[in-house]
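This report refers to the structure that appears directly beneath it.
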Amino acid sequence: MIAYTAVISIIFSALALRIAYIQFVHGEEYSQAVLDQQTKEKEITPRRGTIYDCNGKELAVSASVDTVVIDPIKIEKAGNGASVKNVLCDVLDVDGEAVDKALAKKSRFEYIKKRIDAEQSQILRNYLDGKDENGKEFSEKEKKLYNITGVDLISDTKRYYPYSSLACHVIGFVGTDNYGLDGVEAQYDSALSGTSGKYMRLANAYGTDLLFDQYEGYTGAENGLDLVTTIDLTIQHYVEKSLYQAVEDYDIQNGAGAIAMDVKTGKILAMASIGGYDLNNFLDVSDEAKNAINEAPTQEEKDQILADAQRLQWRNKTLSDTYEPGSTFKIITLSMALEEGKVSLDDSFFCGGSVQVQGRTNPVRCWKTSGHGSQSLTQAVQHSCNAAFVNIGMRVGAQAFYKYCDAFGFLGLTGDSSQQLTAKTGIDLGGESGSIWWSEDTFYSEKNKSQLAAASFGQTF
């Protein structure tokens, strides 16, 4: 008897020590594991901020929708996997294999389809309430056939763009996860997206909620901030209309871009790039690209054509493409010369059709090969005379010319005279290319003035 008592005492002592070890050494770890198994957590999606034009017109808005999720463990215990699959495939038009993979997971939460339309939401809600798609009570037989226990609808938001492709390269778009991927949607994503909330409840092994208030938790979502752009939709409309007409009239092969700016403030009132795309279907491509995809012999080539077509239509030419400013730059040269006192309205210039420049074998030619003859400064500007502006640039000089170009923001001096220079405006949109300028050593060369001459009327940079 004493021996049995001793053995039992030893066993209970060992158990006590083991319990104490688990309690004090791993207690927190196991408690957390229990909570992880028994708690159900739902994300509360914040509403993404609205994007407006400068007059308060909505460019991008978020509407409340539902996202469909399932609890595979709960469905397995309920034994209604086939019913769930049939209903989801029928109502949501989702792939059966994808549903099978989700049902096979040993988890409490799997996405089936994000941001479904209102009609689909209502049908699923009816099924969950034991009713048919029209809201009529199911018979007992129908309840088994359409049993979707383990399916849940969680609140979500979906982005809509009321004006479709208008100002698409400025507005940008969001992906399936509601994060901004382009335009101001991407640039100000952290402000627009807001902060998600969550709702937590305790559940039993079957996934049924247990009513223990001490385990409930709720953190409200914080909606995103609204954003007002400088874009004026009316001006944007006419800029795009005129740009499309110009492309058609002049048979432009490589697209086109245009910017309308308030000259007093620098505000961008319109920014257009041809061709555009529908913001509500940003992955869709042109019919021409679709035909090319269909004709491609391999899937790899099809995928490449699609990716190239998407990148091309998303490209904002006004930001990403560089170009020679040409004669539009002459007003910059003129402003330097007037500011430096190198020219006045009383000056006159002679154009014989070309001008010889140190370091060049051939002379710089004016667009009017016969020349403009004698002309005043005002007339030289009116004629957009290359010869006159080469003369004006030489009066300004290479060092002063560079100083003003840097002040205008066209190049960024680095202190390295051998470095080819570049600069950006710093506009709050992604994808901006830098300018392309000569190094100081090249531009300042006393033996070759051809760079200064060409820059004076806007060419070769």
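The values are calculated or read from the model by the stated rules, or taken from the named source; none is laboratory data. Everything quoted here is computed from the prediction, not taken from an experiment. Virtual Cβ from ideal backbone geometry, glycine too; neighbours counted across all protein chains shown. The area values use the complete protein model at the heavy-atom level, side chains included, leaving out ligands, DNA and RNA. Shrake-Rupley method; radii C 1.70, N 1.55, O 1.52, S 1.80 Å.
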Computed over region 67-190, the ratio Rg/Rh where both radii use C-alpha atoms and Rh is Kirkwood: 1.09
Solvent-accessible surface (1.4 angstrom probe) belonging to residue 460, in square angstrom, nearest 10: 80
Proximal charge balance of residue 279 [Cβ under 13 Å; K/R count +1, D/E count -1]: -3
The chain, relative contact order in percent, only Cα pairs under 8 angstrom and at least six apart counted: 13
Which label belongs to the value computed from this structure, given these candidates for Cα extents along the principal axes in Å: [x] 84, 55, 49; [y] 126, 62, 49; [z] 79, 47, 38? [y]
Using the charge dipole of the chain (Lys, Arg: +1 at Cβ; Asp, Glu: -1 at Cβ; taken about the Cα centre), state which of 400, 116, 60 has its Cα farthest towards the positive end. 400
Any chance you could check the Cα centroid distance between region 89-114 and region 400-461 for me, in angstrom? 57
Do you know the relative contact order of region 243-356, to the nearest whole percent, from alpha carbon pairs under 8 angstrom that are 6+ apart? 19
Roll a 1.4 angstrom probe over the protein heavy atoms and tell me the percent of accessible area of the chain that is carbon or sulfur. 52
For 61-72, 124-135, ranked highest to lowest by mean beta-carbon neighbours within 10 Å, the order is 61-72, 124-135
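Over the chain, average the accessible area per residue using a 1.4 Å probe and give it in Å², no decimals. The partial results should precede the final answer.
On the way: 26800 Å² over 461 residues.
I get 58 Å² per residue for the chain.
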What net charge is computed for the residues neighbouring residue 439, neighbours being all others with C-beta under 14 Å from the C-beta of residue 439, Lys and Arg scored +1, Asp and Glu -1? -4
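With n ≥ 4 as the cut-off for DSSP H runs, can you work out [θ] at 222 nm for the chain, using -39500 (n - 2.57) per run divided by the number of residues, rounded to the nearest 500?
Only helices count here, giving -12000 deg cm²/dmol.
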Largest-first ordering by accessible area, 1.4 Å probe, given options 262, 53, 93, 251: 93, 251, 262, 53
All lysines inside 28 Å of residue 368 as judged from Cα atoms, apart from same-chain residues fewer than 8 positions distant: 330, 342, 447, 449
